[in-house]
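In what follows, a structure is listed as structure tokens, so that the remarks can point back to it.
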Amino acid sequence: MMKKLLALLLALCMVLALTACGQKAAEQPAASASSGTGTAAASQPVQSAEPKFLNMAVNFAYPSLDAHKDYYGWYTQIYGVTETLFRIDSDMSVKPLLAKDSSVSDDGLTWTFVLADAVFSNGNPVTADMVARNFQRLVEVNGRYDDWADFSFEAKDEKTLVITTPAVFPTMLVALTDPEFAVMDLDGTTDFDNAPVATGPFVIKSFKPEGDVEVVRNDNYWNGAVKLDGATLYYMPDADSKLMAMQAGELDCYTSVDAAAQEIYESDPSSYVLTVIPGTRMQFYVLNETRMSDKVREAVNLTVDCEAIASYLKGTTSAAVGPFIASAPYGQVTKPAPDPVKAKSLLEADGYKLNADGYYEKNGKVLELSIAHYKSRQLPDLAVLMQDQLKNVGVKATLVVQEDPDAGYVATGDYDIALYCMIADTGGDPYYCVDALYRQSGKWAKAGFPTDETEKLINKLQFETDIDQRAALANQIVQMSIDTNAFGYVGLFNKVSVARPGVTGFSENIPFDFYGLTADTDIS
Amino acid sequence: MAKYIGKRLLHLVFIMIAVSFLTFLLMYLSPGDAAAKKLNAQGVAVSEEIIEKTREEMGLNRPFLVQYGDWALKALRGDLGESYKDGFAVAGKLAKGLRYTSILALTSLALAFLVALPLAILTALNKDSLLDDITRLFSFAGNSLPNFLISVLLMYFLCVKAKLLPLTANESVKGLIMPCLALSIPICGRFIRQFRAEFLEQLGRPYVSGAMLRGVKQRYVLGSVLHNASISILTIVGLSIGTLLGGSVVIETIFRWPGLGKLAMDAITNRDYPVIQGFVLFTSTVYVVINLIIDICYSWIDPRLRKNGGGS
């Protein structure tokens, strides 16, 4: 009886494994076939006569390629399949792409766009009517664009699109760089989830929902020669897997290299090319004005040494002064250098005295601050480092970790110091971040910073059309948050990319996460 | 027997109601919701008005019992609903995850069993020999090393150094080998220890020494030992099947294997109630059914249990 049972069990296992795997083996990306196996292709030099196929790892995978839904547009753009009217360049400036010209009426309510002579991958021309219908569809299917419901999108002629807004909308061009504003051929696409027809340099060859994607060159690409023949984008969420796949020669490049892998790549510069640029994702903390005096908050800010923290985090972050990259016109703010001696004197001036345990106390009560944080984006490391730095000046800090900060400490305001991470710059303009951080109706208002004055400045920024004035206003608002010791800006996550020598142009020099393959991506 | 099976299946209904209710309640009480998670997925802040509107559209503002009742009624009709995260059918997601998890679980289990059983018999027969010492060392190591470490070691030696297997070959026979090894090594270690202990206990029983003294051939004695140990072995293997079919998050993530474990973990992170509920229903059913199958197997193996009504 046992033998029969065993035999039955084993036979069942084998049949299941072989049947299922056999089916999937037939569905393996053909890129591997055309470029040899991943290992062989990457480890051998690419001959100019041979097809150029790139193997790249990506961190997320979605179940659909419908660029208008959810955040799927981020990945169709990374895959080089979809494009927008404008794109952001490495210097953070907005550059035309599918639109070749734009203008706004004197009252600031009517935007006119002249489209470039672009065509979809099926050869159909990109018309103003198609673009208008795309934007209408985006507003209908993506809840994040509900604010656009009152905008009107009209085709004035074949190549002229007019967008009318109910109020002045100075950040229109920046908004249109969002990957969700991708333009697809709504009439020519039969399966938005698996095979959207768009204007990018690549078209989908195979797509596994929440898995790997294979693209090949778009032979009808309208904007210059596409250097690659195709690419396979492997969904690899695990950092060790990516490192080892790179070492095994199965990958040619990827972004979001972690600190441990970065050290390994740095030690072998002949095999790997690392590109490290400051990104747009910011680590910061909020100091609760309702629970700490001005002097205590200033002491905390003078204690936190952002350079030391960035150094500890080994190149994954750059020390921040404000929420934006220092080279941006709206990143021109200053903050005092760390000064633990001055921090101590401030605490003493506030009535605190060092006790026998080395902590400051007042009226027999130890100065104890809670550092609320969540387990993501290296915030636990940051919390421990801040705790250590505060301890060195005599401030006791306790760590409070919550799973969902937005539903937890951010919503309740129950913290002394709240750590958080967010994308500060979504596309070359400061308003998004200023609006999210400093509004009186915003989620950080419970900490007490926003005043009527800041609100007035933010309202002015919202409708200001002059770029220099916008930068000046943003700098003024951010500087106020620094000077009043309401916020502490710790680090900007670096965008760290690695590639084999000769692999270029996979958006490694653009700080945003939503760019990847372009016509210029190449293996030489 | 039929009455017994019917009774157990009736228990399954109550178990599924209790487990799904408790899971729904726990998810409901935990901070955060699917609307905010979905809209803020990439770290882009969205206004509270938009989050609230999405919450309303998703029905998350309804009272707890209404939400649960709505889900339960649909589930009774065989409709597990759509994922809050992406709107795709939960049944389809579970079916895909189950397919890959079953392949990985059953091949790993078969591999572990095939290695562990002969080794356990040999080491039990040759207690304290060199083979026994080496096997115990492997067993300890396999048991002690965490999954991720075994996975990283396998990747390093088999992919980076020896270049025997590709890391990018998921969802294929080649892609199955490494996750299967990573999953089966600790199971094998555990099986060897447990099987060996069971065989040693059986070998120490009077019926074994009696048979040996009467000159019964060793292979016949071993047959009886194996038969008598099979109830314990079946329990150990059965429980492992239940655990493995729940999926392994670590191994599935490292080796890009699209199984149930990662699906469930992502659903929990995103507060994707319909997927979580579907997963919970599935795992509770698997546990109950596997336990039932094991109990039926007991009565096949041991006729005394059959007389008592088939249950253990």
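Checked against the criterion of being within 25 Å of the chain's Cα centre (by Cα), under 26 Å from A:M56 (Cα atoms) and loosely packed, with under 13 Cβ neighbours inside 10 Å, the stretch B:145-153 contains one or more residues that satisfy it. Somewhere in the stretch B:223-244, is a residue outside any helix (DSSP H, G or I), more than 14 Å from the chain's Cα centre (by Cα) and within 12 Å of another protein chain (Cβ to nearest Cβ)? Checked the stretch B:223-244: no residue is outside any helix (DSSP H, G or I), more than 14 Å from the chain's Cα centre (by Cα) and within 12 Å of another protein chain (Cβ to nearest Cβ). Looking for something surrounded by fewer than 20 Cβ atoms within 10 Å (Cβ to Cβ), more than 13 Å from chain A (Cβ to nearest Cβ) and either in a helix (DSSP H, G or I) or not charged (D, E, K, R) (or both) - is there at least one such residue anywhere in the stretch B:94-101? No, the stretch B:94-101 contains no residue that is surrounded by fewer than 20 Cβ atoms within 10 Å (Cβ to Cβ), more than 13 Å from chain A (Cβ to nearest Cβ) and either in a helix (DSSP H, G or I) or not charged (D, E, K, R) (or both). Name the residues in the stretch B:259-278 that are crowded, with 24+ Cβ neighbours inside 10 Å and within 11 Å of another protein chain (Cβ to nearest Cβ), would you? Across the stretch B:259-278, the qualifying residues are B:L263, B:R271. Within the stretch A:482-493, one or more residues are away from chain B (no Cβ under 14 Å), surrounded by 23 or more Cβ atoms within 10 Å (Cβ to Cβ) and hydroxyl-bearing (S, T, Y).
Among what's in the stretch A:169-186 and is part of a helix (DSSP H, G or I) and more than 30 Å from B:K262 (Cα to Cα), pick the residue that is modelled with the highest pLDDT.
Residues of the stretch A:169-186 part of a helix (DSSP H, G or I): A:172-175, A:179-181.
Now restrict to residues that are more than 30 Å from B:K262 (Cα to Cα): A:172-175, A:181.
Working: A:M172: 94, A:L173: 92, A:V174: 90, A:A175: 92, A:F181: 97.
The residue in question is A:F181.
Filtered by the rule that a residue be at pLDDT 90 or above and among the small types (G, A, S), the stretch B:142-175 gives B:S151, B:A162. Among the residues of the stretch B:95-132, those identified as under 18 Å from B:S172 (Cβ atoms) and either in contact with a Lys or Arg (Cβ under 6 Å, 6 or more places away or on another chain) or charged (D, E, K, R) (or both) are B:K96, B:R99.
Regarding the stretch B:76-90, can at least one residue be identified that is at the interface with chain A (Cβ under 10 Å from one of its Cβ atoms), surrounded by fewer than 15 Cβ atoms within 10 Å (Cβ to Cβ), more than 23 Å from the chain's Cα centre (by Cα) and not β-branched (V, I, T)? If you could, list the steps in order and put the result at the bottom.
Filtering the stretch B:76-90 for residues at the interface with chain A (Cβ under 10 Å from one of its Cβ atoms) gives B:83, B:85-88.
In the following step, the residues that additionally are surrounded by fewer than 15 Cβ atoms within 10 Å (Cβ to Cβ) were identified as B:87.
From what's left, more than 23 Å from the chain's Cα centre (by Cα): B:87.
Now narrow it down to the ones that are not β-branched (V, I, T): B:87.
There is at least one residue in the stretch B:76-90 that is at the interface with chain A (Cβ under 10 Å from one of its Cβ atoms), surrounded by fewer than 15 Cβ atoms within 10 Å (Cβ to Cβ), more than 23 Å from the chain's Cα centre (by Cα) and not β-branched (V, I, T).
A:S121 meets each of the listed conditions (1) surrounded by fewer than 18 Cβ atoms within 10 Å (Cβ to Cβ); (2) assigned to a loop (DSSP other than H, G, I, E, B) apart from (1). Of all residues in the stretch A:222-276, those satisfying the criterion of being aliphatic (A, V, I, L, M), within 14 Å of chain B (Cβ to nearest Cβ) and in a helix (DSSP H, G or I) are A:A239, A:L243, A:M244, A:A245, A:M246, A:A260, A:A261, A:I264. A Cβ distance below 6 Å, combined with a sequence gap of six or more or placement on separate chains, defines the contacts here; from the stretch B:114-126, residues that are outside any helix (DSSP H, G or I) reach residues that are surrounded by 17 or more Cβ atoms within 10 Å (Cβ to Cβ) and not hydroxyl-bearing (S, T, Y) in the pairs B:N126/B:D132.
Name the residue, out of A:P196, A:P209, that is under 30 Å from B:K96 (Cβ atoms), of a type outside the set (V, I, T) and touching a helix residue (DSSP H, G or I) at 6+ places or on another chain (Cβ under 7 Å). Spell out how you get there, then give the answer.
Numbers: A:P209 fails: touching a helix residue (DSSP H, G or I) at 6+ places or on another chain (Cβ under 7 Å).
Testing whether each residue is under 30 Å from B:K96 (Cβ atoms), of a type outside the set (V, I, T) and touching a helix residue (DSSP H, G or I) at 6+ places or on another chain (Cβ under 7 Å) leaves just A:P196.
Residues are listed down the side, and each one gets a yes or a no for (1) outside any loop (DSSP other than H, G, I, E, B); (2) more than 10 Å from every other protein chain (Cβ to nearest Cβ); (3) touching a Ser or Thr at 6+ places or on another chain (Cβ under 7 Å); (4) at pLDDT 95 or above:
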{"position": "A:A40", "(1), (2), (3), (4)": "yes, no, no, no"}
{"position": "A:P45", "(1), (2), (3), (4)": "no, yes, no, no"}
{"position": "A:E50", "(1), (2), (3), (4)": "no, yes, no, no"}
{"position": "A:L65", "(1), (2), (3), (4)": "no, yes, yes, yes"}
{"position": "A:D70", "(1), (2), (3), (4)": "no, no, no, no"}
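Of the residues A:F135, A:F153, the single one that is buried (at least 16 other Cβ atoms within 10 Å of the Cβ), assigned by TED's automatic domain parsing to the domain that holds A:P511 and not in a helix (DSSP H, G or I) is A:F153. I'm checking my understanding of the structure. Among residues of the stretch B:124-170 that are away from chain A (no Cβ under 13 Å) and polar (S, T, N, Q), which one is farthest from B:L222 (Cα to Cα)? Within the stretch B:124-170, the match that is farthest from B:L222 (Cα to Cα) is B:S144.
Given the options A:V197, A:V162, name the one that is in contact with a Lys or Arg (Cβ under 9 Å, 6 or more places away or on another chain) and over 16 Å from A:P96 (Cβ atoms). So the residue among A:V197, A:V162 that is in contact with a Lys or Arg (Cβ under 9 Å, 6 or more places away or on another chain) and over 16 Å from A:P96 (Cβ atoms) is A:V162. The set of residues in the stretch A:187-212 being crowded, with 18+ Cβ neighbours inside 10 Å and part of a strand (DSSP E or B) consists of A:A198, A:F202, A:V203, A:I204, A:S206, A:F207.
The values are calculated or read from the model by the stated rules, or taken from the named source; none is laboratory data. Source: prediction; values computed, not measured. Cβ coordinates were reconstructed from backbone atoms using ideal geometry, including for glycine residues, and neighbour counts include every protein chain displayed.
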